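Student: Here you go, one structure.
Quick note: the coordinates plus some simple rules give every number you see, no bench work behind them. Note that the structure is a prediction, hence the values are computed from the model and not measured. Quick reminder, even Gly has a Cβ in these numbers, built from the backbone with ideal geometry, and neighbours come from all protein chains shown.
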Amino acid sequence: MVATDKPKYKIIGTRPARPDGVDKVTGRAQYGADLKLEGLIYGAVLRSPHAHAIIKSIDTSKAEALPGVHAVATNADFPGSNEVAEMKSTEWRALEPGKANERWAADNILAGPKALYHGHSIAAVAADDMHIAQDALALIEVEYELLPPVVDVQDAMQEGSPILHSDLRTGVRAAGVDTKSDIETNLASHMRLERGDIEEGFKQADIVVEREFTSSQFHQGYIEPQNATAWWSMDGRLSVWTSTQGAFSARDATADILKIPVSDIKVTPMEIGGGFGGKIPIYLEPIAAVLSKKSNRPVKMWMDREAVFQATGPTASSYSKVKIGVTKDGKITAADCTFAMGAGAFPGSPVGAGVQCALAPYSIENQVVDGLDVVLNTPKTAAYRAPGAPATEYAVESVIDEIAEQLDMDPIDLRLANVAEEGDRNSSGTPWPKIGAKDVLEAMKSHPHYLSEIQGEDVGRGIAVGFWFNGGMESSSSARVNKDGSIALIMGSTDIGGTRASIPMQMAETLGVTYEQIAPQVTDTDSVGYTAVTGGSRTTFAGGWVAYELGQMIKSEMKERAAKIWDVDSGSISYTDDGEIVGPNDKDGNEQKFSFNELAGKLQSTGGLIAVSASSSHTTQGAAYGGHIVDLKVDRDTGKVEILRYTAVQDVGTAIHPSYVEGQIQGGVAQGIGMALNEEYYYDDDGHLMNGSFLDYRIPVANDLPMLDVELVEVPNPGHPYGVRGVGEVPIVPPQPTIRNAMYDAIGVRFYHNPMSPRRVLDELL
């Protein structure tokens, strides 16, 4: 672990047991599929067999007449089903790509005038059991008018391409301008960031490298499918239980689609079996709600694996064009980049975030970065760990490596010569705060892995770096001090990556108490203040801020209570780092002090138990960088790539719980390796998804990977009381270019499409 100016902590940096561990290994943890309610019935969804078709009619009468069927729902059951969609600026939100208007959102959940992708939800039924529900689906008669599909980003932008939305017009966002064209198009939005003089920058260059890249759609690969249970009671209150990364975002999105006040909806988050961004959007909640309202029964729904692949959001497919100019001594003079990303059936790919991340590791005076959001006849994209960044930085890092070869320059040295540092301006023109990009590169260059010799035939080494800006946004929590000194911590953030440990650890550090004294609980939307989604590497940062503020409030209140007991002014009382409340000596000169637990036992007699609440929304989230090194071997006979050694170096700010931090990085690396080598959606000429199962969609398993080594660099974030920077997004960014660069080193072939699967390797070698 490499640390710079890191304070000494008592709790932070330790590795306590995870609070959810026992429940999960014993089966006591309650997931969405475990929920049972009195009178529960079951919902199922009819999905489109076509990728692009006008829905001319839907006849549900036979399904409704089937014994055991209680309700049927279509898009017509959503309020405002005839409204016209309109692009909103929220398309560009990093954590919720594609959060557009209610009409598009509703049409994705149950198709409106068109089926826009294979597996698009058409109608739903609720019945006594799933067998009856499936029988009912078979009785629904749908008349389609088939249209040609388009599933490729470049094809979708061509003149004459099939148009998905006749009312869609390109929105242009550049230099403060927000305009729309008047031409039917699949190009939903065009974003541009521009700095300096790009033409002059290329004139100064001695070497210019221009390359084009493409990447496929990748799925998040979470184990637990989407699920939701809804109970719309007769008093008008809607209760929802769901596996979600954000109970409040699920509540708000459901309210928008159903056009009911958020105050009428309570969302209870269940345990979540993985998400990685894929469980930020909603899919089943409004359907279950409508079926519940119609049947006056609670309705439970879940997706099978095929439905997860067909109808939930993968990451975006992409096309990238990168042109970079450098002087002969390795100084980057200009960069001109264009990134087009598939949004799926409705506008809102993560291209906005990708544009901001593409050149973030470097200080480049002259640059233009264009981002294009393109609709396709594929599932609506969702976030997937650093959404947008893996594709854009893959292209940039690949070109950087080619430049290093042409200059005969060490690839790390080239990056160090151009690395962004505090005060340099990013692509948006904003100066960087304190960042750890240089620290990461220096740690990579001195790492034993990089200094070791490469041995073996068709063995190569590659490196690359990556960036994610990390999220802030809103978080809320409340805390109650009990008479035994324990503290109940109520949080609104779904725990995916260990926040039931990392947030209480920050509270314990603030109060000087033990970690075991903090009892964390994730609760429903009625029981805590608004909290944004768990995603974007924001939760330990933002939740930690709130925990710190709660701790300060508790410390202040504890001093007030001690002041009452000692009959002194609270200003004369100190609160130590060891959780002791120390007052002035008594009249006899004796020391007056309480331990935290001692004073907690006296709270009821001094005004009652302490209960505090806090909300926070900070923008000092702390940009984060990572750099990866890989050794691999290419089998020329099979095209298979074997990962021999992998090292991830990352600036983590302050590692609150190092075990969780290492696990987050290892998980991101494993997913990035999958993107680089095996994973992709396959569509036939009719737009049908051909590999909608884990048997056919190839994610890495344990025997595909060696131990993934992690080197933590700690450059504390000055914008957080404990120096926290988000961790979970960055590690998925460097693997694709790292592996691509290593494969060139191994076999002398540069690849321009991901994944670099055995089939594509053999195509190049044979």
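Student: Once each part is reduced to its C-alpha centroid, what is the distance from region 641-691 to region 313-341 in angstrom?
Tutor: 22 Å
Student: Okay, moving on. Projecting each Cα onto the charge dipole of the chain (Lys/Arg +1, Asp/Glu -1 at the beta carbon, about the Cα centre), which of V641, H219, M409 comes out farthest on the positive side?
Tutor: Selected residue: H219.
Student: Can you tell me, using C-alpha contacts under 8 Å and at least 6 residues apart, the relative contact order of the chain as a whole percent?
Tutor: Relative contact order of the chain: 16 percent.
Student: So, in Å, what gap is there between the alpha-carbon centers of region 241-261 and region 420-473?
Tutor: Between the Cα centres of region 241-261 and region 420-473 lies a distance of 38 Å.
Student: In the neighborhood of K10, defined by Cβ-to-Cβ distances under 15 Å, what is the net charge if each Lys or Arg adds +1 and each Asp or Glu adds -1?
Tutor: -2
Student: Skipping prolines and chain starts, which residues have an amide H placed within reach, meaning under 5 Å, of the one on H52, given they are 5 or more residues away or on another chain?
Tutor: L147
Student: Give me the distance between the Cα centres of region 721-741 and region 121-148, rounded to whole Å.
Tutor: Between the Cα centre of region 721-741 and that of region 121-148, the gap is 43 Å.
Student: Right, next: Note the full-extension length gain between N482 and I454 as 0.36 nm times their separation in residues minus their Cα-Cα distance, in nm to one decimal.
Tutor: In short, 4.2 nm is gained.
Student: Give me the extension gain from S446 to S570: residue separation times 0.36 nm, minus the current Cα-Cα distance, reported in nm with one decimal.
Tutor: Extra length available between S446 and S570 comes to 39.4 nm.
Student: Counting Lys +1, Arg +1, Asp -1, Glu -1, what net charge surrounds I122 among other residues with beta carbon under 13 Å of its beta carbon?
Tutor: -2
Student: Taking amide H positions as placed in the peptide plane 1.01 Å from N, state which residues far from A334 in sequence (5 or more) or on other chains have amide H under 5 Å from it.
Tutor: When sequence neighbours closer than 5 places are left aside, the close amide H contacts are G325.
Student: Moving on. Given (i) 1.06; (ii) 1.02; (iii) 1.00, which label gives Rg/Rh (Cα atoms, Kirkwood Rh) as computed from the coordinates?
Tutor: The value matching this structure is (iii).
Student: Okay, moving on. What are the ³J(HN,Hα) values, in whole Hz, obtained from phi via the Karplus relation 6.51 cos²θ - 1.76 cosθ + 1.60 with θ = phi - 60°, for each residue of region 572-587 in sequence order, with x given for Gly and Pro?
Tutor: Rounded to whole hertz, the list is 8, 9, 10, 10, 8, 5, 8, x, 9, 9, 10, x, x, 4, 6, 5.
Student: Based on the mean of other Cβ atoms within 10 Å per residue, sort peptides 457-468, 361-372, 216-227, 6-17 so the most packed one is first.
Tutor: Ranking, from highest mean packing down: 457-468, 361-372, 216-227, 6-17.
Student: Shifting gears a bit: Tally Lys and Arg at +1 and Asp and Glu at -1 over the other residues with C-beta under 12 Å from the C-beta of E598: what net charge comes out?
Tutor: Neighbour charge sum, excluding E598 itself: +2.
Student: Taking all pairs of distinct Cα atoms, average 1/r, flip it, and tell me the Kirkwood hydrodynamic radius of region 472-617 in Å to one decimal place.
Tutor: 15.7 Å
Student: Additional query: Name the long-range amide H neighbours of A123: under 5 Å, sequence gap of 5 or more, or other chain; modelled H, no Pro or chain starts.
Tutor: Answer set, sorted by chain and number: L46.
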